[in-house]
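**Q** Once you've had a glance at the structure underneath, I'll fire off some questions.
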Ligand code: TA6
């Protein structure tokens, strides 16, 4: 669908822009929420329901907006692998979907006033080099009082293929010390901080140092309880067997260089809706797999 048609349909809600490095953005404003999306990576950078006086997503104050580089914060799309490439460590961690161009293919306004956008990943010579078999990756984003995202992978090849994937979502919190994550009790996890040791989660998750765990075989909703902002962010998911929880803590944040001001890392936590490690998904020819998540905010 050309931009002009989209403009005609829902002009009041979409503003298109481009920055000096050539990255293109869509800003969305409706009666329920505001959001900003970078077309590179289909990257939802910000989302704030009108009912909230704080953004729900965290975006680094020194995030880099460079072609081919992932933006630090918001919702990077990890696809078609999660973490390091299984056999070639030279390839971009978390796959290439988050650093190549996507295009807006449809947009409309729902009866409740939410804005629904459909984006599609555009193939590049580099993406074809890294993933030789034909595929289609489309994302439907519904921006309103809640934020709903469906990531649909279609196998256009004549053989099954395996996909690792995640919404690598950075959530805004008051301070990591005020936060705990519920919903992962009794889940098996792989702990990257301790040489991928596997254990079972006994309690709700609290933070007092670098934390980097892939929880496996879990389809549960997660809640990020933040006593500082008096809110709880609910993460409801389908098509996902893994949840990843991550905070870099001070040393790792400093090494990364794009985690904002010195203590800015304290105001974020990642809770990622995924299919990672042995939960990677096998997709048969001509079939479509959908990874879905919905974020909502409740007052504590
Ligand atoms: O999801 C957690 C994680 O895999 C961490 O190990 C850390 O590497 C983080 O992702 C950020 O990765 P990135 O490639 O975006 O810097």
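The values are calculated or read from the model by the stated rules, or taken from the named source; none is laboratory data. All figures in this text were calculated on a predicted structure; none of them were measured in a lab. Note: ideal-geometry Cβ built from the backbone for every residue, glycine included; neighbour counts use all protein chains shown.
**Q** Can you name the condition, by its number, that residue 278 falls short on among (1) part of a helix (DSSP H, G or I); (2) without any contact (Cβ under 8 Å) to a residue 24 or more places away in the chain?
**A** For residue 278, the failing item is (2).
**Q** Are any residues in segment 177-193 under 23 Å from residue 83 (Cα atoms) and in contact with a helix residue (DSSP H, G or I) (Cβ under 9 Å, 6 or more places away or on another chain), and if so, which ones?
**A** 190
**Q** Of the numbered conditions (1) within 12 Å of the ligand (Cβ to nearest atom); (2) surrounded by 15 or more Cβ atoms within 10 Å (Cβ to Cβ), residue 44 fails exactly one; give the number of that condition.
**A** Unmet condition: (1).
**Q** Filter the strands (runs of 3 or more DSSP E) completely within segment 108-181 down to those with at least 3 residues that are closer than 26 Å to residue 243 by Cβ and away from the ligand (no atom under 16 Å from the Cβ).
**A** By residue number, 115-121, 135-143, 147-155, 161-163.
**Q** Given the structure, is residue 228 in a loop (DSSP other than H, G, I, E, B) and away from the ligand (no atom under 15 Å from the Cβ)?
**A** yes
**Q** Then there's this: From 189, 215, grab the single residue that is modelled with pLDDT of 95 or more, within 12 Å of the ligand (Cβ to nearest atom) and either surrounded by 20 or more Cβ atoms within 10 Å (Cβ to Cβ) or assigned to a loop (DSSP other than H, G, I, E, B) (or both). Break it down stepwise before answering.
**A** On the way: 189 fails: within 12 Å of the ligand (Cβ to nearest atom).
Every option except 215 fails the conditions.
**Q** Shifting gears a bit: Of everything in segment 233-275, what is more than 13 Å from the ligand (Cβ to nearest atom), outside any strand (DSSP E or B) and buried (at least 16 other Cβ atoms within 10 Å of the Cβ)? Give them in sequence order.
**A** 239, 240, 241, 260, 266, 267, listed by residue number.
**Q** Quickly run through segment 82-107 and pick out the residues that are part of a loop (DSSP other than H, G, I, E, B) and either within 11 Å of the ligand (Cβ to nearest atom) or under 13 Å from residue 44 (Cβ atoms) (or both).
**A** The answer is 82, 83, 84, 92, 93, 94, 95.
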